[in-house]
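All of the numbers you see were taken from the coordinates with simple rules; none came from a lab. Because the structure is predicted, anything quoted here is derived from the model rather than measured. Heads up, the Cβs are rebuilt from the backbone with ideal geometry, glycines too, and the neighbour counts pull from every protein chain shown.
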Amino acid sequence: MGAMSPWHWAIVALVVVILFGSKKLPDAARGLGRSLRIFKSEVKEMQNDNSTPAPTAQSAPPAQSAPAELPVADTTTAPVTPPAPVQPQSQHTEPKSA
């Protein structure tokens, strides 16, 4: 009862095609593949960063240095012009028939 038979898989595939449509499924699969490739490359990059040897604790402690400067945000901004006021449109009325 724990394993799904081929008929179960066929029904699941049919429901997925009905829900998402046959045109969107290739795009979704392509996007999922790209996401997985990016994820794997980032994980590999993190593992490479962690594998670099750390400096040993036996060396002399570094001299006390001044704290590093933080980047300063750019506070210069261009003046903001307010949007033009919206003019109410005249309502179209049909002529009254006699």
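The gain in end-to-end length when the ALA84 to ARG30 segment is fully stretched comes to 15.0 nm, 0.36 nm per residue minus the alpha carbon separation. Between ILE18 and SER51, the FRET efficiency from the beta-carbon distance, with R0 = 35 Å, is close to 0.15.
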